[in-house]
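The values are calculated or read from the model by the stated rules, or taken from the named source; none is laboratory data. Note that the structure is a prediction, hence the values are computed from the model and not measured. All Cβ positions, glycine included, derive from the backbone under ideal geometry; neighbour counts span all protein chains shown.
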Amino acid sequence: MPPSRALAVVVTLVAVAMSLFHMYVAAFGPPEAFIFRGTHLLFAVTLVYLLYPFRRGSSAAWRAVDFALLAAGWSFILYLFFNYQYIINRIIYIDDLTVWDKMFAVLCVVVVLDATRRVIGWALPVTAILFLAYAVVFTQVKGQVLLEQLYLSTEGIFGSTLGVSASYVMLFVLFGAFMEKSGTGQLFMDFAMSITGHTAGGPGKVAIVSSSLFGTVSGSAVANVMVDGPITIPLMKRTGFRAPFAAAVESVASTGGQIMPPVMGAAAFVMAEFLVVPYAQVALWALVPAVLYYIGVFFAVHFEAKRYKLAGVPRSQLPRFWTVMRDRGHLFIPILLVLVGLILGYSAPLAALVAALACLPIALMRATTRAGITWRSVLDALVDGARNTLAVAMACACAGIVIGVVTITGLGITFTELVIGLSKSSLVLALVLTAMAGIILGMGMPTTPAYIVMVSLLVPALIKLGAVTPAAHMFAFYFAVLSAITPPVALAVFAAAGLAKADMWQSGWEAVRIAAPTYIVPFMFVYEPSLLLIGDWRISLMAFLSASIGVMCFAAALQGFLAGRDAKVWERVLLLVAALLLIKPGYITDAIGLTLLATVYLSNRFLGAGSRATHPVAVEKTAE
């Protein structure tokens, strides 16, 4: 919190006002785009400069700089508000800018870049600066036109990406904050423990189930790790899992929260805006790949546990399922309200608002969940909702600079032609280039701006080469998400490795091994959109069933175990081939894949005794 008590009170008041404003808008409708998005940015900039000083423990002089930049932030937004009629009535790119227009446009760009740097680091601001430099140095776009695009239009900083943050993200982050205050986190953990804790490698499976549920609360891979990991990682290590593997399981499971419906990461809402479809449609497209993601992780843990004979937690030490559901199961109701609201066709922000308002009253219904909930819980949820939105709000505003430059300079068309040329008109090569770009971009910036940059530069090339539009967007989204668990910069893995006291590189490569099927599935759904539930439902159902078996084969091959013993090299190779054939929809490939799987299963189960691996942790325990 800010150092002085007075400043802490100001932060609380501003955060509460921000949350209440967005709740009002969700209930009664937003004002004009400039006013709504400008107000959202005004709140965000204010909180950023109050909460993120130029440097920790900075002197009064540096704090004065913070407040000067905050005043600049207020000035360029209030200028838009007070001159709104002039701005909407002027002929853009034709009417000359006034001196005030130019001055406030420059202030807007500078403040957005600086505020974004304070919240999420240098990667995205530097990217935006490079795009600005390209527009100024290498194109014929006039400075006045560029400033108009970024400041006085809805194609730049105040564009649709900032609108997504204001309309969608803020409400779902608030929903997550209210869920957290209602004690839903304990429900998630107890629920996961009760259904999977006793099975082979139970703590690893608990991490998978609980982290996928926590994803509905935070939408951030690192945040999921820091909430769930302190409980699941020590439990996994205590039951025999290697520290790097435990860190990898937690990081991969937490990362999947961004792609798991009904509440996905912020980039999913941006996708809905770009494609002009309801958010529920994006969630439907994401459903099968998300389930395949967790099936792969689940079987990776299962085969690791079976290979090293790792038992679960004794049932006597676990909560009972029906007891959990009786005492805390009603806390699932807000999530069901979101799901039902989306199915019935209500707007996503309204569904999130209703669910958020229901969280605490539902928790108060039972004595088992009533403890600790007071009016202070409401205040804390409103403050946390606003504060947790800042990173996305500033990232969306800064990404607007990139989109504005791409649009006004025609860079998107140029880059599309470049990608097509580099890939020699091959869709698979273009997909590889896009996947690499997504992982690289995601190393330095959150998923949302990484996805936005890919949509601006790379996705058009995929569509031009024949990819279905939803599949092209989902492909970019998935690889932006996967950057969180892909070395060398894998933020979710680094967070989990710190909790597990494990080597970061070993944990990173374990994460890649566990999530390996997920690197393949996006390629498959581009070539066969039935995996996105596009087309005949019967074909989609068959594709899902065969792909589920395929990701299980992939996990068995990479973990080196299937049925009765360690898999031999030739068995692992056949399992990999079977996995690829099964993940790719098609009756012929499915038949060949199932035949290979049956061959390996029979060999692994009945032919030759083979040897069981001895787990390093088990050796240490035996010695003790």
> How many residues does the stretch 461-484 contain that are β-branched (Val, Ile, Thr) and crowded, with 24+ Cβ neighbours inside 10 Å?
Replying inline: 1
> Given the stretch 475-527, what helices (runs of 4 or more DSSP H) lie entirely inside it while holding 3 or more residues that are over 23 Å from residue 579 (Cα atoms) and in contact with a Gly (Cβ under 6 Å, 6 or more places away or on another chain)?
Replying inline: 491-500
> Name the pairs: first residue in the stretch 412-429 and more than 16 Å from residue 472 (Cβ to Cβ), second residue surrounded by 15 or more Cβ atoms within 10 Å (Cβ to Cβ), Cβ to Cβ under 7 Å, at least 6 apart or on different chains?
Replying inline: 422/433
> Do you know which residues across the stretch 87-106 are under 33 Å from the mean Cα position of the chain (by Cα) and either crowded, with 19+ Cβ neighbours inside 10 Å or farther than 26 Å from residue 51 by Cβ (or both)?
Replying inline: 105
> Among the residues of the stretch 56-100, which ones are among the hydrophobic types (A, V, I, L, M, F, W, C) and either in a loop (DSSP other than H, G, I, E, B) or touching a Lys or Arg at 6+ places or on another chain (Cβ under 6 Å) (or both)?
Replying inline: 91, 92, 94, 97
>> Looking only at the stretch 225-235, filter to residues that are hydrophobic (A, V, I, L, M, F, W, C) and closer than 19 Å to residue 485 by Cα; which one of those is surrounded by the fewest Cβ atoms within 10 Å (Cβ to Cβ)?
In response: 226
>> Here is a list: 376, 370. Which entry is under 27 Å from residue 43 (Cα atoms) and exposed (fewer than 15 other Cβ atoms within 10 Å of the Cβ)?
In response: 376
> Do you know which residues across the stretch 135-150 are under 21 Å from residue 396 (Cβ atoms) and either touching a Leu at 6+ places or on another chain (Cβ under 8 Å) or aliphatic (A, V, I, L, M) (or both)?
Replying inline: 135, 146, 147, 148, 150
>> Looking at the structure I just gave you, is residue 490 small (Gly, Ala, Ser), surrounded by 24 or more Cβ atoms within 10 Å (Cβ to Cβ) and modelled with pLDDT of 90 or more?
In response: no
> Restricting attention to the stretch 547-584, and to residues there that are in contact with a helix residue (DSSP H, G or I) (Cβ under 7 Å, 6 or more places away or on another chain) and of a type in the set (Lys, Arg), which single residue is modelled with the lowest pLDDT?
Replying inline: 565
>> If I ask for residues that are in contact with a helix residue (DSSP H, G or I) (Cβ under 6 Å, 6 or more places away or on another chain) and hydrophobic (A, V, I, L, M, F, W, C), which ones from the stretch 76-91 would you list?
In response: 76, 77, 80
>> I'd like to check something: does the stretch 314-335 contain any residue that is buried (at least 21 other Cβ atoms within 10 Å of the Cβ), closer than 30 Å to residue 159 by Cβ and either modelled with pLDDT under 90 or out of contact with any Pro (no Cβ under 6 Å at 6 or more places or on another chain) (or both)?
In response: no
> Do any residues in the stretch 16-33 that are among the charged types (D, E, K, R) have Cβ atoms under 8 Å from those of residues that are surrounded by 14 or more Cβ atoms within 10 Å (Cβ to Cβ), where the two are at least six apart or on different chains, and which pairs are they?
Replying inline: 32/84
>> Taking the criterion of being among the hydroxyl-bearing types (Ser, Thr, Tyr) and under 25 Å from residue 145 (Cα atoms), would at least one residue in the stretch 358-381 satisfy it?
In response: no
>> Just to be sure I understand, how many residues within the stretch 42-86 are surrounded by 17 or more Cβ atoms within 10 Å (Cβ to Cβ), farther than 21 Å from residue 16 by Cβ and of a type in the set (A, V, I, L, M, F, W, C)?
In response: 4
>> Any residue in the stretch 562-583 that is of a type in the set (S, T, N, Q) sitting within a Cβ distance under 6 Å of a residue that is in a helix (DSSP H, G or I)? List the pairs, counting only those 6 or more apart or interchain.
In response: none
